[in-house]
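**Q** This is the structure, below, for whatever I ask next.
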Amino acid sequence: MTSVIRPKKYLNDLNYLVQIMGRRRIVLKIVCIGDGAVGKTSIVKRYLSGDFRHDYVMTLGLDLFTKPEKIRFKGSEIEVVWQIWDLSGQQYWRDVISSFYKGANGAILVFDVTNDLSYENTIEWALEFYRHAGQQPIVLVGNKIDLRDKIYDSLKSNEGARRAYELSRLMGIKIPYIETSALENINIDVVFNTLKKLIFENAITKLLNETESEK
Ligand SMILES: Nc1nc2c(ncn2[C@@H]2O[C@H](COP(=O)(O)OP(=O)(O)O)[C@@H](O)[C@H]2O)c(=O)[nH]1
Ligand SMILES: [Mg+2]
């Protein structure tokens with residue numbers, strides 16, 4: 001073919017995405033990562049109060065939630081099925097890990113603002129995600145901010161922001177930092193909406209690059 005499609009021009013154009021994919025339903029996978037007890041499951045459950053299905057993958061110790069969403073863009077409607085994967089137990093078996101990360105389009109990386117070790121371990125989690133899933137969008141989440149009043153030496157906002165900056169440099173992508181309370185329902189929607197937007201931009205760019213290289 002002689003005509004060349006310029007990806008930048010079509011970035012964010014869902015019409016175009018639908019056109020090149022030839023279908024109106026896409027599945028996108030989000031994984032929740034971070035130390036045990038930081039609030040990953042609470043965050044997912046809080047978010048998924050609406051229409052969703054919950055499948056527990058018994059043998060693997062994984063919780064898998066699916067949430068369909070209709071997205072309208074410039075007169076075109078597509079169905080996106082979000083798959084949200086959460087490790088069920090505190091015990092993370094190595095053989096589960098690769099199926100868990102396989103095909104992930106993005107990650108929610110959670111630490112607990114009252115737990116220094118969970119903050120330190122965010123680097124390891126990000127690197128592990130990168131090793132298995134490649135360079136995909138990540139949102140860093142500092143959870144349990146409702147406990148800041150009670151726990152004197154909790155991590156501060158600027159420490160979370162600094163960690164996001166360090167992770168961004170390490171991973172070569174911009175990683176936003178968002179503070180949440182699953183308990184008080186603070187910023188839970190913001191986390192998912194931010195990540196979804198990043199995943200979309202990323203997916204569209206990749207698809208367009210693939211289309212480009214096939215020509
Ligand atoms: N105070 C407070 N507790 C929370 C919050 N999120 C989760 N928790 C509690 O922290 C514990 C661990 O939560 P869970 O969601 O199971 O963590 P996970 O192991 O990362 O999935 C539970 O007792 C939750 O009730 C929060 O935002 N604030
Ligand atoms: Mg959990």
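**Q** Provide LYS174, LYS45 in ascending order of the number of other Cβ atoms located within 10 Å of each residue's Cβ, fewest first.
**A** Ranked by crowding around the Cβ, least crowded first: LYS174, LYS45.
**Q** Further question: Per residue and in cubic angstrom, what volume does the convex hull of the Cα atoms of segment 109-175 have?
**A** 69 Å³
**Q** Tally Lys/Arg at +1 and Asp/Glu at -1 over every other residue whose Cβ is under 14 Å from the Cβ of SER168; what's the total?
**A** Taking every Cβ under 14 Å from that of SER168, the sum is +3.
**Q** Another question, then. Return the distance in nm (one decimal) between the two label points of a simple spin-label model at GLU184 and LYS70, each offset 7 Å from Cα along Cα→Cβ.
**A** Using points 7 Å along Cα→Cβ, the separation is 3.6 nm.
**Q** What list of ³J(HN,Hα) values in whole Hz, one per residue of segment 63-68 in order, does the Karplus curve 6.51 cos²θ - 1.76 cosθ + 1.60 (θ = phi - 60°) give from phi, with Gly and Pro shown as x?
**A** With coefficients 6.51, -1.76 and 1.60, one gets 9, 10, 10, 10, 9, x Hz.
**Q** What ranking do TRP82, TRP125 get, fewest neighbouring Cβ atoms within 10 angstrom at the top?
**A** Starting with the residue having the fewest Cβ neighbours, the order is TRP125, TRP82.
**Q** What FRET efficiency would be calculated for the residue pair LYS206, ILE151, taking the C-beta separation as r and a Förster radius of 41 Å, to the nearest 0.05?
**A** With a Förster radius of 41 Å, E is 0.50.
**Q** About its Cα centre, how strong a charge dipole does segment 99-215 have in debye, to the nearest 20, once Lys and Arg get +1 and Asp and Glu get -1 at the Cβ?
**A** In debye, rounded to 20, segment 99-215 gives about 280.
**Q** Moving to a separate point now. Hey, can you grab everything whose amide H is under 5 Å from the amide H of GLU179? Only 5+ residues off in sequence or another chain; H modelled, so Pro and N-termini drop out.
**A** Amide H neighbours of GLU179, under 5 Å, 5+ apart: GLY142.
**Q** What is the order of SER154, SER49, fewest Cβ neighbours within 10 Å to most?
**A** The most exposed by this proxy come first: SER49, SER154.
Readers should treat all values here as calculations from the given coordinates under stated rules, not as data from a laboratory. All values derive from a computational prediction rather than experimental measurement. Counting neighbours? That spans all protein chains shown, and the Cβs are built from the backbone with ideal geometry, glycine included.
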